[in-house]
1. List the residue pairs whose Cβ atoms are under 7 Å apart, where the first residue sits in the stretch B:57-86 and is acidic (Asp, Glu), the second is part of a helix (DSSP H, G or I), and the two are 6 or more positions apart or on different chains.
2. Find the helices (runs of 4 or more DSSP H) located wholly in the stretch B:12-115 whose residues include 3 or more that are surrounded by 15 or more Cβ atoms within 10 Å (Cβ to Cβ) and touching a helix residue (DSSP H, G or I) at 6+ places or on another chain (Cβ under 8 Å), and list them.
3. Of the residues B:Val133, B:Val121, only one is in a loop (DSSP other than H, G, I, E, B) and either out of contact with any Asp or Glu (no Cβ under 7 Å at 6 or more places or on another chain) or surrounded by 12 or more Cβ atoms within 10 Å (Cβ to Cβ) (or both); which?
4. State whether one or more residues within the stretch A:81-99 are within 14 Å of chain B (Cβ to nearest Cβ), at pLDDT below 90 and touching a strand residue (DSSP E or B) at 6+ places or on another chain (Cβ under 7 Å).
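The values are calculated or read from the model by the stated rules, or taken from the named source; none is laboratory data. It should be emphasised that the depicted structure is a prediction, and the values quoted were computed from it without experimental measurement. Ideal geometry is used to build each Cβ from the backbone, glycine not excepted, and the neighbour counts take in all protein chains shown.
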Amino acid sequence: VLRLARVAGISMAPTLRDGDFVVAVSARWWGRPRRGDIVLGEHAELGLIIKRVADVDGQGRLTLAGDNPFSRESALLGSLPASAVWGRAVLRVAPGAAGLSRLHRLVPTR
Amino acid sequence: MFHTLLSKAHAQGAIPDAQAHCDIPCKIYDPGPILIAALTVVRMIDILEDWRKHRPEDDVAFINTLTRAIAQKEEHASIVKDSVRVIWGDYFKAPQFQQFPQIHQLTHDIMLEAGAAKQGVNREDAVKLVELVNQFAEIFWATKNVKTKRAVCPYPPSIEVVYPDL
């Protein structure tokens, strides 16, 4: 139901920083991920990834993107079928005083 | 507090990494192009020296060629700095650092030497830069268990370069 993962990389900064931990809730419990959610998913080449859902198409495929404006890989990442998404990241565990914080759905502006 | 606990769990392999990289980790790293850039710096200094001795009559043409060689010297010294930083920063990780702890000092030495070669026209600085990049290449290939050999490059400036012995 719950899963822990450590963020590796800076593409989700400043929301999530390199080395933060996240607690994710299974999609089976939380329901299908929606646009603006931060999701934990299995990418064919990159393995476990964490990204924000930029778009969901009619077939349920997700386009993912990083929060960092320097994250430009969205097109190269391709889209992910809903079945490859494990769940939604809901809690951030950061070092020091920042501590625990909720992660919110954030609908990207275009 | 939570983070400290989770970090310990992560260190023991209990928590996986979720990739949030900005770059696609393509894993293509090779010091070859860095050596070519370092050789170019030496070559540009040689060309500048050559023109000092055989200064043509036409001042504009002379300044033009001079400027072009200087621009190339600048650019290739920068390529050395950027590319070494990428390999050191992206490719080298804890296991490689443990194996070759001197890589930090070497990388910093390359930054300084490339800076010196960029600023001046002292051939010795540029030759030393090639030698430092040679050492960097030897360490890089050693982390991949690839043997290396040293040979004089078959084109100017004809100085010793490290090649992987694949």
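1. Within 7 Å, the pairs are B:Glu74/B:Lys118.
2. Details: elements: B:32-53, B:59-86, B:94-99.
Helices (runs of 4 or more DSSP H) meeting the threshold: B:32-53, B:59-86.
3. The conditions single out B:Val121.
4. no
Each row is one residue, and each column tells you yes or no for (1) within 14 Å of chain B (Cβ to nearest Cβ); (2) buried (at least 24 other Cβ atoms within 10 Å of the Cβ); (3) at pLDDT below 90; (4) part of a loop (DSSP other than H, G, I, E, B).
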| site | (1), (2), (3), (4) |
| --- | --- |
| A:Thr15 | yes, no, no, yes |
| A:Arg28 | no, no, yes, no |
| A:Arg32 | no, no, yes, yes |
| A:Glu42 | yes, no, no, no |
| A:Glu45 | yes, no, yes, yes |
| A:Ile50 | yes, yes, no, no |
| A:Pro69 | yes, no, yes, yes |
| A:Arg72 | yes, no, yes, yes |
| A:Leu76 | yes, no, yes, no |
